[in-house]
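Scroll down for the structure; my scribbles are underneath it.
The values are calculated or read from the model by the stated rules, or taken from the named source; none is laboratory data. These figures come from a predicted structure and were not determined experimentally. Here Cβ is always computed from backbone atoms with ideal geometry, including for glycine, and neighbour counts include all displayed protein chains. Just so you know, the surface numbers come from the protein's heavy atoms only, side chains and all, with ligands and any DNA or RNA stripped out. Shrake-Rupley method; radii C 1.70, N 1.55, O 1.52, S 1.80 Å.
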Amino acid sequence: MYSRDYRDFGTPPVEGTPVTLEIDGVPVTVPAGTSIMRAAATLGRSVPKLCATDSLKAFGSCRLCLVEIEGRRGYPASCTTLVGEGLKVRTESARLTSLRRGVMELYVSDHPLDCVSCPANGHCELQNMAELLDVTDTRYGLSGKNHQHLPKDTSNPYFTFDQTMCIACSRCVRACDETQGTFALTIQGRGFASKVAASQNEPFFTSECVSCGACVEACPTVALTEKSLIALGAPDRVVTTTCAYCGVGCSFKAEVKGEDVVRMVPNRDGHANHGHSCVKGRFAFGYATHPDRITTPMIRASINEPWRQVEWDEAISHAASEFRRLQATYGRDAIGGITSSRCTNEETFLVQKLVRAAFGNNNVDTCARVCHSPTGYGLKSTIGESAGTQAFDSVMKADTIIVVGANPTEGHPVFASQLKRRLRQGAKLIVIDPREIALVRSPHVEADYFLPVRPGANVALFNAIAHVVVTEGLTREDYVAARCEPDSYKKWRAFVAEPRNSPEAMAAFTGVAPDDVRGAARLYAKAGNGAIYYGLGVTEHSQGSTMVMAIANLAMATGNLGREGVGVNPLRGQNNVQGSCDMGSFPHEFSGYRHVSDSAVRGLFEQAWGVPLLAEPGLRIPNMFEAALDGSFKGMYIQGEDPAQSDPDTQHVTAALATMECVVIQDLFLNETAKYAHVFLPGSSFLEKDGTFINAERRCSRVRKVMEPRAGFQDWEITALLSNALGYPMHYRHPSEIMDEIARLTPTFAGISYEKLDRLGSIQWPCNDRAPEGTPTMHVGEFVRGKGKFFVTEYVPTEERATRRYPLLLTTGRKLSQYNVGAQTRRTDNVKWASADVLEIHPHDAEVRGIESGDLVGLTSRSGQIVLPADVTDRVRPGVVYTTFHFPDSGANVVTTENSDWATNCPEYKVTAVEIVRVNQPSAWQKRHHEFTERQLALLKGRQPTHV
Ligand code: SF4
Ligand code: SF4
Ligand code: SF4
Ligand code: FES
């Protein structure tokens with residue numbers, strides 16, 4: 001049931017030559033291939049319908065949309081009948097009304113119209129049609145053969161399936177197939193016996209269903225309904241906002257009753273998601289009202305003391321005086337800040353402004369340091385801009401798609417659905433990953449090539465692909481000559497052509513069959529439109545930046561940049577990774593990726609902010625922790641981040657945090673880092689704030705306040721309070737004023753304003769005089785840096801390699817139902833799908849160690865040891881093990897090492913040499929962590945109320 005303010009045209013739009021026909025005497029011109037229903041809708045005429053909706057192909061089962069066509073016999077269904085030149089159509093007549101009423105009476109005979117007490121009252125299409133056709137009763141009565149005795153399936157945590165309300169329109173089945181691409185539903189049986197079934201007639205929860213909600217959204221009745229709607233009843237207002245989970249940035253209509261979110265309905269006008277969603281954004285919003293939320297500021301002198309609840313004034317002035325004390329005692333550079341990729345652009349901009357202008361140093365960094373900083377470096381160096389090149393919709397024009405080091409069905413599910421749609425249309429797919437991700441083989445999708453690269457050997461593999469492209473004459477010389485630096489191209493060509501870079505020579509490192517590498521290289525280079533999508537499996541390596549450059553090199557050499565259907569596309573992990581980088585969160589860059597040493601740029605900021613700014617870059621996150629351990633770094637302001645769980649080598653991070661004298665955490669929950677904090681400032685969830693997020697396609701979208709902040713302030717307000725207390729005034733009345741400042745100071749954002757965002761829905765930067773409505777495709781005609789620059793990408797094997805002591809390579813990733821450190825998703829019913837991290841191990845490796853699925857296994861690296869349950873599976877290849885890092889108790893980052901990308905310090909999460917043995921108890925770290933957590937929870941529980 002879609003949101004009431006959406007106008008449904010009944011069938012999807014098509015492209016075609018114009019055709020003119022007459023509907024109810026009014027001429028209308030539409031593209032050939034359009035349905036009569038849609039053509040009528042463009043004239044504002046709504047033909048009655050039930051089984052049609054414009055997000056799905058027409059099916060023609062309900063027979064409600066009948067029309068008359070002059071010169072044709074019978075009453076064709078307008079949803080499945082296409083327009084024709086000169087047709088004369090009637091959508092209303094006494095005969096049509098009578099036929100439609102007859103159909104409705106049949107539906108009603110198996111569907112009592114108890115609308116007033118129904119949770120869908122007011123937005124049920126069956127109810128609407130009954131009212132439209134004035135059907136309040138049925139000649140057939142309700143006592144005949146019907147489905148009213150059938151049981152309800154309530155197994156899914158978020159929605160119910162009530163067969164008694166089902167009209168067998170198959171919209172749910174088509175939504176699962178066409179929109180989501182999971183193919184979990186079928187209509188079983190025929191005629192009266194036909195019924196919707198999940199998988200092999202299983203409860204939804206145990207079926208293949210991934211709980212995306214597309215079927216619920218498509219259902220025209222209350223048969224598939226959100227449990228929250230049943231519990232809370234009809235909403236009284238709707239607020240359009242943006243999902244705060246992954247970098248797809250889906251737009252939602254938050255339907256609200258009082259201060260409660262009744263449901264999150266994916267926005268059909270959303271430019272990134274077109275009305276689709278995944279289980280996280282659609283359903284997992286309950287964390288925002290979870291009892292674990294801390295809503296009162298707290299302070300304490302040391303981490304061994306109980307917290308003391310205080311008023312905001314005291315918390316803020318305490319934090320400010322502590323920061324000033326630390327600077328007076330240890331020097332200006334003894335403190336710093338971390339911005340969050342989960343917070344809004346406006347909030348992020350303010351944190352970096354506070355550090356530069358109020359702290360007076362450049363010690364600001366962001367969690368993107370530990371995920372996509374190599375993207376920034378690699379893309380800026382080669383093509384001139386630190387961002388993906390395309391809109392998501394561009395994938396619908398791609399002919400061959402490489403997915404490397406990414407797992408879109410788990411990490412970026414809505415984009416994965418769009419990608420699968422394109423693959424079902426016939427595009428080719430190459431998957432490069434150490435693990436057999438679901439895209440390799442799923443219903444109606446199979447990769448043409450799956451290259452199971454050994455962890456750490458990406459650069460070797462891409463050099464081998466480039467070798468084939470160059471030596472087999474598959475480069476686009478005309479494109480390169482027109483658009484790239486000739487000298488750099490010459491050097492790169494000569495380098496990759498060397499025999500040592502051939503697939504055969506590189507196989508020793510990559511572990512990939514040379515023929516497959518050759519086949520994949522040819523497929524991509526000859527594609528027509530070749531598009532590359534990549535994730536953290538590319539960046540989180542000691543050669544992360546090199547690999548990003550290798551990707552850009554390959555795209556330039558094959559002419560696959562600068563138009564729709566091609567490109568280099570980082571799939572950003574968190575909702576606002578792109579934005580937090582754009583906003584100047586790195587210690588060496590102002591917003592828009594301009595170096596702090598650039599005196600003209602610095603002058604601009606100095607003038608606007610009224611303070612002198614430093615020309616030297618500040619400390620990166622790992623350097624801050626190093627400096628803390630050295631005793632020179634003493635205080636941090638951390639907004640919405642949890643480095644104690646998310647950063648590598650946990651014991652190193654927590655040791656550093658424990659040395660600091662003032663750690664200020666601004667967050668929703670007492671996360672792992674907050675256990676080491678001295679000041680806790682309660683933050684606001686995305687439902688409690690105004691602002692903007694920028695997704696993986698550079699799309700800036702509004703986040704709108706749905707409910708009042710539980711702790712009294714939005715996050716940007718808290719930063720402003722802190723800045724004021726530090727003596728650097730910030731007086732914004734609304735985040736729109738912060739965006740105006742960002743626009744004034746950042747050329748790529750010059751044309752962005754809240755007014756324009758409200759008008760256009762969303763805007764992809766650059767947005768300025770040259771592109772007043774934004775830029776869906778970058779580098780058209782020429783690269784942002786002018787000529788594209790090739791870089792020689794010598795493969796340097798990581799120092800982290802399998803040895804006799806640590807013979808297996810651990811790599812990490814995500815689960816669909818969980819998100820990052822899990823602080824949000826662990827506090828929702830999503831835990832019903834995944835309640836712990838597990839270790840995937842190949843049957844061969846398991847057998848030689850006597851390990852079976854479910855056994856506890858100890859995982860030891862040179863950094864530490866953890867214990868996890870094993871999952872014996874051939875999704876991973878021999879020699880490789882895999883886990884996720886959503887649950888703090890499992891401590892995946894205890895074993896990851898301090899190795900990092902040579903250019904950006906991005907940690908090498910994706911390669912850790914480990915040994916695995918069967919054990920029967922938690923590791924020493926896990927025991928210590930458990931005790932520490934218990935102690936900290938007790939200190940939280942025993943917190944003293946205000947003024948005690
Ligand atoms: S929730 Fe999504 S995956 Fe599950 S049956 Fe519905 S459409 Fe299919
Ligand atoms: S569950 Fe809803 S969408 Fe599916 S067939 Fe029944 S009425 Fe149609
Ligand atoms: S795909 Fe990402 S942005 Fe969209 S609903 Fe899911 S988590 Fe949210
Ligand atoms: S809407 Fe056309 S047959 Fe159902």
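Please tell me if Phe887 is among the aromatic types (Phe, Trp, Tyr), assigned to a loop (DSSP other than H, G, I, E, B) and either touching a residue at least 12 places away in the same chain (Cβ under 8 Å) or open to solvent by less than 20 Å² (accessible area, probe 1.4 Å) (or both). Steps first, please.
Working: among the aromatic types (Phe, Trp, Tyr): yes; assigned to a loop (DSSP other than H, G, I, E, B): yes; either touching a residue at least 12 places away in the same chain (Cβ under 8 Å) or open to solvent by less than 20 Å² (accessible area, probe 1.4 Å) (or both): yes.
Criteria met by Phe887.
Of all the criteria given as (1) within 23 Å of Val470 (Cα to Cα); (2) open to solvent by 50 Å² or more (accessible area, probe 1.4 Å), the one not satisfied by Thr793 is (2).
A quick yes/no check of all residues on (1) part of a helix (DSSP H, G or I); (2) among the charged types (D, E, K, R); (3) under 21 Å from Arg342 (Cβ atoms):
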site: Arg518; (1), (2), (3): yes, yes, no
site: Leu523; (1), (2), (3): yes, no, no
site: Gly528; (1), (2), (3): no, no, no
site: Val538; (1), (2), (3): yes, no, no
site: Val548; (1), (2), (3): yes, no, no
site: Gly559; (1), (2), (3): no, no, no
site: Gly565; (1), (2), (3): no, no, no
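Considering only the stretch 39-70, state which residues are touching a residue at least 12 places away in the same chain (Cβ under 8 Å), more than 6 Å from ligand 4 (Cβ to nearest atom) and farther than 24 Å from Val216 by Cβ. Passing the criteria: Ala39, Ala40, Thr42, Leu43, Arg45, Val47, Leu66, Val67, Glu68, Ile69, Glu70. Can you find a residue that is surrounded by 18 or more Cβ atoms within 10 Å (Cβ to Cβ), more than 10 Å from ligand 2 (Cβ to nearest atom), without any contact (Cβ under 8 Å) to a residue 60 or more places away in the chain and over 30 Å from Gln578 (Cα atoms) anywhere in the stretch 228-236? So far as the stretch 228-236 goes, yes, one or more of its residues are surrounded by 18 or more Cβ atoms within 10 Å (Cβ to Cβ), more than 10 Å from ligand 2 (Cβ to nearest atom), without any contact (Cβ under 8 Å) to a residue 60 or more places away in the chain and over 30 Å from Gln578 (Cα atoms). Taking the options Ala214, Ala197, name whichever one is modelled with pLDDT of 95 or more and either more than 16 Å from ligand 4 (Cβ to nearest atom) or open to solvent by less than 50 Å² (accessible area, probe 1.4 Å) (or both). Ala214 is the lone residue from the list that is modelled with pLDDT of 95 or more and either more than 16 Å from ligand 4 (Cβ to nearest atom) or open to solvent by less than 50 Å² (accessible area, probe 1.4 Å) (or both).
A single entry from Gly16, Gly25, Gly60 fulfils the requirement of being within 27 Å of Cys124 (Cα to Cα) and surrounded by fewer than 17 Cβ atoms within 10 Å (Cβ to Cβ): Gly60. If you go through the stretch 163-194 and pick out every residue that is near ligand 2 (Cβ under 9 Å from one of its atoms), among the aliphatic types (A, V, I, L, M) and surrounded by fewer than 24 Cβ atoms within 10 Å (Cβ to Cβ), you end up with 4.
Matching residues to (1) of a type in the set (Gly, Ala, Ser); (2) surrounded by fewer than 24 Cβ atoms within 10 Å (Cβ to Cβ); (3) more than 19 Å from Glu782 (Cβ to Cβ):
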| residue | (1), (2), (3) |
| --- | --- |
| Ala357 | yes, yes, yes |
| Ala368 | yes, no, yes |
| Lys380 | no, yes, no |
| Asp393 | no, yes, yes |
| Val403 | no, no, yes |
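For the stretch 590-607, a residue qualifies if it is open to solvent by less than 60 Å² (accessible area, probe 1.4 Å) and farther than 22 Å from Ala334 by Cβ, and the qualifying residues are Phe590, Ser591, Gly592, Tyr593, Arg594, Val601, Arg602, Gly603, Phe605, Glu606.
Selection over the stretch 166-194 of residues that are within 16 Å of ligand 4 (Cβ to nearest atom) and of a type in the set (A, V, I, L, M, F, W, C) gives a count of 8.
The single condition among (1) of a type in the set (D, E, K, R); (2) open to solvent by 50 Å² or more (accessible area, probe 1.4 Å); (3) out of contact with any Phe, Trp or Tyr (no Cβ under 9 Å at 6 or more places or on another chain); (4) assigned to a loop (DSSP other than H, G, I, E, B) that Arg928 does not satisfy is (4).
Scan the stretch 266-323 for residues that are more than 16 Å from ligand 3 (Cβ to nearest atom), closer than 30 Å to Ser817 by Cβ and not in a loop (DSSP other than H, G, I, E, B) and the total you get is 1.
Under the condition of being in a helix (DSSP H, G or I), under 24 Å from Ser211 (Cβ atoms) and touching an Asp or Glu at 6+ places or on another chain (Cβ under 7 Å), the residues counted in the stretch 814-859 number 1. For Arg518, the criteria (1) farther than 30 Å from Gly360 by Cα; (2) in contact with a Ser or Thr (Cβ under 6 Å, 6 or more places away or on another chain); (3) open to solvent by 10 Å² or more (accessible area, probe 1.4 Å) hold in every case but one, which is (2). Residue-level check: of (1) assigned to a helix (DSSP H, G or I); (2) open to solvent by 10 Å² or more (accessible area, probe 1.4 Å); (3) touching a Gly at 6+ places or on another chain (Cβ under 8 Å); (4) hydrophobic (A, V, I, L, M, F, W, C), Val611 misses just (1).
Only residues that are open to solvent by less than 20 Å² (accessible area, probe 1.4 Å) and either modelled with pLDDT under 95 or in contact with a Phe, Trp or Tyr (Cβ under 9 Å, 6 or more places away or on another chain) (or both) were counted in the stretch 619-638, giving 7.
Look at the stretch 300-312: where a residue is within 20 Å of Ala656 (Cβ to Cβ) and a partner is open to solvent by 40 Å² or more (accessible area, probe 1.4 Å), sitting 6+ places away or on another chain with Cβ atoms under 8 Å, you get Arg300/Pro306; Arg300/Arg308; Ile303/Ala658.
Within the stretch 902-911, is even one residue of a type outside the set (Gly, Ala, Ser) and not in a loop (DSSP other than H, G, I, E, B)?
To start, the set of residues in the stretch 902-911 that are of a type outside the set (Gly, Ala, Ser) comprises 902, 904-911.
The next check asks that each one be not in a loop (DSSP other than H, G, I, E, B); those that pass are 907.
Checked the stretch 902-911: at least one residue is of a type outside the set (Gly, Ala, Ser) and not in a loop (DSSP other than H, G, I, E, B).
Of the residues that sit in the stretch 71-85 and are out of contact with any Cys (no Cβ under 6 Å at 6 or more places or on another chain), of a type outside the set (Phe, Trp, Tyr) and modelled with pLDDT of 95 or more, which one is nearest to ligand 1 (Cβ to nearest atom)?
Step one: filter the stretch 71-85 for residues out of contact with any Cys (no Cβ under 6 Å at 6 or more places or on another chain), giving 71-76, 80-85.
Of the ones still in play, those that are also of a type outside the set (Phe, Trp, Tyr) are 71-74, 76, 80-85.
Still in the running and modelled with pLDDT of 95 or more: 76, 80-85.
Values: Pro76: 29, Thr80: 22, Thr81: 27, Leu82: 27, Val83: 30, Gly84: 34, Glu85: 38 Å.
Looking at residues that are out of contact with any Cys (no Cβ under 6 Å at 6 or more places or on another chain), of a type outside the set (Phe, Trp, Tyr) and modelled with pLDDT of 95 or more, I get Thr80.
Hey, does the stretch 670-693 have a residue that's in a loop (DSSP other than H, G, I, E, B), over 25 Å from His929 (Cα atoms), open to solvent by less than 10 Å² (accessible area, probe 1.4 Å) and aliphatic (A, V, I, L, M)? Looking through the stretch 670-693, none of the residues is in a loop (DSSP other than H, G, I, E, B), over 25 Å from His929 (Cα atoms), open to solvent by less than 10 Å² (accessible area, probe 1.4 Å) and aliphatic (A, V, I, L, M). Output yes when any residue across the stretch 251-260 is within 24 Å of Pro12 (Cα to Cα), touching a residue at least 40 places away in the same chain (Cβ under 8 Å) and open to solvent by less than 10 Å² (accessible area, probe 1.4 Å), and no when none is. No, the conditions are met nowhere in the stretch 251-260.
Can you find a residue that is part of a loop (DSSP other than H, G, I, E, B), modelled with pLDDT of 95 or more and not charged (D, E, K, R) anywhere in the stretch 639-661? If you could, list the steps in order and put the result at the bottom.
Kept after step one, since they are part of a loop (DSSP other than H, G, I, E, B), are these residues of the stretch 639-661: 640-642, 647-649, 660-661.
Checking the rest, the ones that are also modelled with pLDDT of 95 or more come to 660-661.
Going one step further and asking which of them are not charged (D, E, K, R), we end up with 660.
Looking through the stretch 639-661, at least one residue is part of a loop (DSSP other than H, G, I, E, B), modelled with pLDDT of 95 or more and not charged (D, E, K, R).
Do we have Ala368 as in contact with a helix residue (DSSP H, G or I) (Cβ under 6 Å, 6 or more places away or on another chain) and of a type in the set (A, V, I, L, M) here? Don't jump to the end; show me each part of the working.
Details: in contact with a helix residue (DSSP H, G or I) (Cβ under 6 Å, 6 or more places away or on another chain): yes; of a type in the set (A, V, I, L, M): yes.
Considered against the rule, which asks whether it is in contact with a helix residue (DSSP H, G or I) (Cβ under 6 Å, 6 or more places away or on another chain) and of a type in the set (A, V, I, L, M), Ala368 comes out as yes.
State whether the residues of the stretch 515-531 include one that is aliphatic (A, V, I, L, M) and modelled with pLDDT under 95.
If we filter the stretch 515-531 for residues that are aliphatic (A, V, I, L, M), which is where we start, we get 517, 520-521, 523, 525, 527, 531.
With modelled with pLDDT under 95 added as a condition, the list becomes 527.
There is at least one residue in the stretch 515-531 that is aliphatic (A, V, I, L, M) and modelled with pLDDT under 95.
Checking Val917, Val867 one by one, the residue that is open to solvent by 40 Å² or more (accessible area, probe 1.4 Å), assigned to a strand (DSSP E or B), over 23 Å from Gly573 (Cβ atoms) and of a type in the set (Val, Ile, Thr) is Val917 and no other. Within the stretch 723-737, the residues that satisfy the criterion of being open to solvent by 50 Å² or more (accessible area, probe 1.4 Å) and closer than 14 Å to Lys689 by Cα are Arg733, His734.
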